[in-house]
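Input: a single structure, listed below in structure tokens.
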Amino acid sequence: MVNNVISPATVPVILEKGAQHYADFGLGRSRGTVTLQIAGNVARGGLFETAFGLSLGEAVNEIGGGTASGRPVKAVQVGGPLGAYMPVEKFDTPLGYEEFDAAGGLIGHAGLVVFDDSADMLAMARFAMEFCAVESCGKCTPCRIGSIRGVETLDRIAAGDPSALPLLEDLCETMKDGSLCALGGFTPYPVMSAVRHFADDFRDLEGGSPMKDFIIPWNDADMGTPARQGAPVTLSIDGFAVTVPEGTSVMRAAAEAGISVPKLCATDSVEAFGSCRLCVVEIEGRRGTPASCTTPVAEGMVVNTQSSKVRKIRKGVMELYISDHPLDCLTCSANGDCELQDMAGAVGLRGMRYESGENHYAPSLAGMLSKGDRRARQPEGEANPHYIPVDDSNPYFTYDPSKCIVCSRCVRACEEVQGTFALTIEGRGFDSRVSAGGPLDNFRPRTASAAAPACRPARPRRCKKSRWPRWARPTARW
């Protein structure tokens, strides 16, 4: 049997003395004991079991013995690598789930990492973003691209850029509320706690100007997710009563009521995936901002699709997409017929604040981009380790990895509609990309023969700019 440390530390006592004996320890709703893992610059590191309710300062100074260096404690990261950095001013916070949440932190697995006053908290914030970038699976956009942009934005702050700090705060909010899982959602905790509590390490930079938020009405016949059959369910969306079959997604219910929710990875001919994070909404009584495409309706549910919070998340997500996209719209064959372009307008994105950083397009594209795009100002022919050449081996479409947004729509079409599994997503994190299979495979019909019918019209045209069926249409032109 495999257990974590907490189970063998607590279960024998509960079995021997009873549940009430164990529950008598602790405070509030945090009952029993907690197993602290104290490490870092600390005199006495190790595993220590104590009752909930002990203050953070007592844990660090009395149990841990203060710093090993003898210098004053500057910060303690509580909850693991994605936990918040707590300053000495927070040392009276009791070790309890609700108490730490109210203080802007989290208990997590109760790991405590101690730092003395020589620690650079900007560097520690950068480490959190770097950790996220390395560990990212690559499915959702806020984590996949946001972690990379976080590292780059923190480097701008370190270099003295006054506009980078507001951008970092917006990015953290986008990742916290828009990420699919806790990796991207919790990464902002160490970053923003470092910014809040250790402003001197960030040189008190201020600046930046928020862009005006507005939504451009968007009309498309695609309902976002497949239709369902079931008993009728009535809910409220933006103040309108909507009745749909049980199992219907919130996104489709909104579309049935004529309410448009921005989306990139969703389409009504394949199952919801929830990776683009543009379709997040707020639901009364629920925490967070769930993706409307993967959230089923419920009787009496109250949904807000246009709150200031979700509009800000959507704009932040779209800004991350654009930060890794060549801005050659005027010369692109998809200009005027591009969902990425449409969604940028729908969420009100009118500028891009991220500067030159890691990207997937080739330096040779510099001449096609706007002269004001600083990301393109790199020496002609400079190697880009992330760049993958265009694959035009298929007579019906051209695959351009620099413009692929990894929505997985084509992969899901091959799996769910064609049943051929001809395509897949390879790589992790920032390097996640559509692949035809092994390293020697390409998209020519003999290796992706079943993928081609899923990604072209019923009447083939020998043209790289093929017209696509709506259900398999790419969100960024291949």
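Scan segment 68-127 for residues that are open to solvent by 30 Å² or more (accessible area, probe 1.4 Å), on the phi > 0 side of the Ramachandran plot and within 21 Å of the chain's Cα centre (by Cα) and report the count.
1
If you go through segment 78-99 one residue at a time, do you hit one that is farther than 29 Å from CYS181 by Cα and out of contact with any strand residue (DSSP E or B) (no Cβ under 7 Å at 6 or more places or on another chain)?
yes
If you take the residues of segment 403-414 that are over 20 Å from the mean Cα position of the chain (by Cα) and touching a residue at least 24 places away in the same chain (Cβ under 8 Å), which of them is surrounded by the fewest Cβ atoms within 10 Å (Cβ to Cβ)? Before the answer, list the steps.
First pass over segment 403-414, keeping only residues over 20 Å from the mean Cα position of the chain (by Cα): 410-414.
From the residues that got through so far, the ones that are touching a residue at least 24 places away in the same chain (Cβ under 8 Å) too are 410, 412-414.
On the way: CYS410: 25, ARG412: 20, ALA413: 24, CYS414: 24.
Restricting to residues being over 20 Å from the mean Cα position of the chain (by Cα) and touching a residue at least 24 places away in the same chain (Cβ under 8 Å), the top hit is ARG412.
Test ALA413 against the criterion of being assigned to a helix (DSSP H, G or I), modelled with pLDDT of 70 or more and not aromatic (Phe, Trp, Tyr), and give yes or no. Break it down stepwise before answering.
Details: assigned to a helix (DSSP H, G or I): yes; modelled with pLDDT of 70 or more: yes; not aromatic (Phe, Trp, Tyr): yes.
Yes: the conditions hold for ALA413.
Take GLU152 and tell me if it is among the acidic types (Asp, Glu) and either open to solvent by less than 50 Å² (accessible area, probe 1.4 Å) or assigned to a loop (DSSP other than H, G, I, E, B) (or both).
Details: among the acidic types (Asp, Glu): yes; either open to solvent by less than 50 Å² (accessible area, probe 1.4 Å) or assigned to a loop (DSSP other than H, G, I, E, B) (or both): yes.
Answer is yes for this residue.
Mind listing just one residue for me: the one in segment 320-339 that is of a type in the set (A, V, I, L, M) and under 18 Å from the mean Cα position of the chain (by Cα) and, of those, least open to solvent (accessible area, probe 1.4 Å)? Show your work before the answer.
Just the residues of segment 320-339 that are of a type in the set (A, V, I, L, M), to begin with: 320, 322, 327, 330, 334.
Now restrict to residues that are under 18 Å from the mean Cα position of the chain (by Cα): 320, 322.
Working: LEU320: 0, ILE322: 25 Å².
Among residues in segment 320-339 that are of a type in the set (A, V, I, L, M) and under 18 Å from the mean Cα position of the chain (by Cα), the one least open to solvent (accessible area, probe 1.4 Å) is LEU320.
Among GLY160, GLY185, which is the only one that is part of a loop (DSSP other than H, G, I, E, B) and surrounded by fewer than 22 Cβ atoms within 10 Å (Cβ to Cβ)? Write out each step before concluding.
Values: GLY185 fails: part of a loop (DSSP other than H, G, I, E, B).
One residue alone meets the criteria, GLY160.
Looking only at segment 46-68, decide whether some residue is closer than 30 Å to GLU358 by Cα and modelled with pLDDT under 95.
No, segment 46-68 has no match at all.
Regarding MET86, is this residue touching a Ser or Thr at 6+ places or on another chain (Cβ under 8 Å), part of a strand (DSSP E or B) and touching a residue at least 60 places away in the same chain (Cβ under 8 Å)?
Values: touching a Ser or Thr at 6+ places or on another chain (Cβ under 8 Å): yes; part of a strand (DSSP E or B): yes; touching a residue at least 60 places away in the same chain (Cβ under 8 Å): yes.
Yes.
Of these, ARG375, ARG314, which one is at pLDDT 90 or above, surrounded by 14 or more Cβ atoms within 10 Å (Cβ to Cβ), in a helix (DSSP H, G or I) and among the basic types (Lys, Arg)? Show your work before the answer.
Working: ARG375 fails: at pLDDT 90 or above.
Being at pLDDT 90 or above, surrounded by 14 or more Cβ atoms within 10 Å (Cβ to Cβ), in a helix (DSSP H, G or I) and among the basic types (Lys, Arg) holds for just one of ARG375, ARG314, which is ARG314.
Here is a yes/no grid of residues against (1) surrounded by fewer than 20 Cβ atoms within 10 Å (Cβ to Cβ); (2) modelled with pLDDT of 95 or more; (3) within 30 Å of LYS403 (Cα to Cα):
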residue	(1), (2), (3)
LYS212	yes, no, yes
GLN229	yes, no, no
ALA255	no, no, yes
ALA272	no, no, yes
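What number goes with the only condition from (1) in a loop (DSSP other than H, G, I, E, B); (2) in contact (Cβ under 8 Å) with a residue 24 or more places away in the chain; (3) open to solvent by 40 Å² or more (accessible area, probe 1.4 Å) that ARG44 does not pass?
Every condition holds for ARG44 apart from (2).
Is it the case that segment 279-293 has a residue that's on the phi > 0 side of the Ramachandran plot and either in contact with a strand residue (DSSP E or B) (Cβ under 6 Å, 6 or more places away or on another chain) or part of a loop (DSSP other than H, G, I, E, B) (or both)? Give the derivation first.
Start the filter on segment 279-293 by keeping residues that are on the phi > 0 side of the Ramachandran plot, which leaves 285, 288.
Filter once more, so that each one left must be either in contact with a strand residue (DSSP E or B) (Cβ under 6 Å, 6 or more places away or on another chain) or part of a loop (DSSP other than H, G, I, E, B) (or both): 285, 288.
Yes, the conditions are met somewhere in segment 279-293.
Would you be able to say whether some residue in segment 105-120 is in a helix (DSSP H, G or I), farther than 30 Å from GLY274 by Cα and of a type outside the set (Asp, Glu)? Write out each step before concluding.
First, the residues of segment 105-120 that are in a helix (DSSP H, G or I): none.
Scanning segment 105-120 turns up no residue that is in a helix (DSSP H, G or I), farther than 30 Å from GLY274 by Cα and of a type outside the set (Asp, Glu).
Would you please name the residue that is surrounded by the fewest Cβ atoms within 10 Å (Cβ to Cβ), looking only at residues in segment 297-308 that are touching a strand residue (DSSP E or B) at 6+ places or on another chain (Cβ under 6 Å) and not polar (S, T, N, Q)? Write out each step before concluding.
Pass one, segment 297-308, residues touching a strand residue (DSSP E or B) at 6+ places or on another chain (Cβ under 6 Å): 297, 299, 301-304, 307.
This time we only want the ones that are not polar (S, T, N, Q), so: 297, 299, 301-303.
On the way: VAL297: 27, GLU299: 10, MET301: 20, VAL302: 14, VAL303: 26.
Once the filter is applied, the top-ranked residue is GLU299.
Can you tell me which condition PHE131 does not meet? The list is (1) outside any helix (DSSP H, G or I); (2) open to solvent by 40 Å² or more (accessible area, probe 1.4 Å), and all the others hold.
The single condition PHE131 does not satisfy is (1).
For segment 343-353, what are the residues that are more than 18 Å from VAL406 (Cβ to Cβ) and either modelled with pLDDT of 90 or more or surrounded by 14 or more Cβ atoms within 10 Å (Cβ to Cβ) (or both)? Step through it out loud before you land on a result.
To start, the set of residues in segment 343-353 that are more than 18 Å from VAL406 (Cβ to Cβ) comprises 345-353.
Listed by number, the residues that qualify are GLY345, ALA346, VAL347, GLY348, LEU349, MET352, ARG353.
When the residues of segment 1-13 are filtered to those that are assigned to a loop (DSSP other than H, G, I, E, B) and among the β-branched types (Val, Ile, Thr), which remaining residue is surrounded by the fewest Cβ atoms within 10 Å (Cβ to Cβ)? Step through it out loud before you land on a result.
As a first pass, look at segment 1-13 and keep what is assigned to a loop (DSSP other than H, G, I, E, B): 1-5.
From what is left, the residues that are among the β-branched types (Val, Ile, Thr) are 2, 5.
Values: VAL2: 4, VAL5: 13.
The extreme case among them is VAL2.
Taking segment 167-182 as the search range and keeping residues that are in a helix (DSSP H, G or I) and open to solvent by less than 30 Å² (accessible area, probe 1.4 Å), which one is farthest from GLY80 (Cα to Cα)? Step through it out loud before you land on a result.
Step one: list which residues in segment 167-182 are in a helix (DSSP H, G or I), which gives 167-178, 182.
Now restrict to residues that are open to solvent by less than 30 Å² (accessible area, probe 1.4 Å): 167-168, 171-172, 174-175, 177-178.
Details: LEU167: 25, LEU168: 22, LEU171: 21, CYS172: 18, THR174: 21, MET175: 18, ASP177: 20, GLY178: 21 Å.
Per the stated criteria, the residue is LEU167.
Within segment 14-30, track down each residue that is without any contact (Cβ under 8 Å) to a residue 60 or more places away in the chain and buried (at least 16 other Cβ atoms within 10 Å of the Cβ).
Of the residues in segment 14-30, the ones without any contact (Cβ under 8 Å) to a residue 60 or more places away in the chain are 14-25.
Selection gives TYR22, PHE25.
The values are calculated or read from the model by the stated rules, or taken from the named source; none is laboratory data. Owing to the predicted nature of the structure, the values given are computational and were not obtained by experimental measurement. Because the Cβ atoms are built from the backbone with ideal geometry, glycine has one as well, and the counts that use them run over all protein chains shown. The area values use the complete protein model at the heavy-atom level, side chains included, leaving out ligands, DNA and RNA. Shrake-Rupley method; radii C 1.70, N 1.55, O 1.52, S 1.80 Å.
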